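The values are calculated or read from the model by the stated rules, or taken from the named source; none is laboratory data. Quick caveat, the model's predicted, so the values are computed rather than measured. Only protein heavy atoms, including side chains, enter the accessible area calculation; ligands, DNA and RNA are left aside. Shrake-Rupley method; radii C 1.70, N 1.55, O 1.52, S 1.80 Å.
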Amino acid sequence: LAVDRPIFLHCDTPVRVRPCVIRKPTEELTQESKAYVVQESLQHANYLPWVLVVESSTTAVEVLRRAWGPGLMDVVYKLFTRGVPFRILHLARTPLRLARPMPVPCHGLGYRPSTFVPTPVEYRLYEELRDGYSEKNPRVFREAAKRGGITWRLLLLDCDAGDLVMDPPDVPNLPQAHIICDGIESTCVEDGLSTEEENLIVGLYKVRNSE
């Protein structure tokens with residue numbers, strides 16, 4: 001499926017899907033990826049301070065084939081309840097409605113000795129650490145829901161789809177992304193899971209070698 005031209009399966013789809021390029025500057029280089037922006041059709045278009053993006057062409061076609069909509073929140077709900085990955089990018093020029101607390105530090109599961117053998121008790125400890133951290137830091141539920149797959153499933157997500165498009169936390173240095181669609185470039189900010197948070201959710205720990 002070509003990413004450089006729009007996807008049209010039939011003319012009366014409730015939403016539109018447009019190809020886009022996302023550029024995220026890092027300290028060393030600018031990462032560039034291709035994706036698809038899901039937009040409301042012209043007759044249903046409303047101003048929203050965020051952009052719905054899917055990275056899989058299969059997902060993009062599925063949104064059109066199943067005629068999800070007519071609003072973007074309807075599409076978000078369908079993706080969320082099925083555990084399908086998606087991204088929410090907030091327009092940088094949009095002021096945050098509410099200041100939120102700084103994220104709770106995540107220390108992960110740490111190290112285990114090379115002779116370590118997992119036990120049911122160890123697994124229950126992992127569940128307590130994972131769920132306890134997520135309850136103290138609700139944004140983790142929101143970001144895990146957007147990841148889909150095993151990350152979405154492990155947290156047994158029970159949140160409202162409306163929570164998924166909430167403004168990101170009012171914290172400094174939130175990663176920026178530049179999204180280019182139909183020749184128009186917009187600057188956005190995007191929250192996400194840190195490496196430590198994702199490792200904690202999936203139960204990843206490090207094993208020391210024998211030295």
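Using a 1.4 angstrom probe on the protein heavy atoms only, line up Tyr111, Tyr36 by accessible area, largest first. Don't skip to the answer; put the middle values down first.
On the way: Tyr111 115, Tyr36 10 Å².
The ordering from most to least exposed comes out as Tyr111, Tyr36.
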Next on the checklist: If the reach is capped at under 26 angstrom between alpha carbons, list the lysines near Lys34, excluding any in the same chain fewer than eight residues apart.
Outcome noted: Lys24, Lys78, Lys146
Item to check | Accessible area, probe 1.4 Å, largest first, for residues Arg147, Arg87, Arg153 | outcome: Arg153, Arg147, Arg87
Item to check | Difference of contour (0.36 nm per residue) and Cα-Cα distance, Val21 to Arg82 | outcome: 19.4 nm
Checklist entry - So how do Thr30, Thr187, Thr115 rank on accessible area, 1.4 Å probe, biggest first, that is with the largest at the start? => result Thr115, Thr30, Thr187
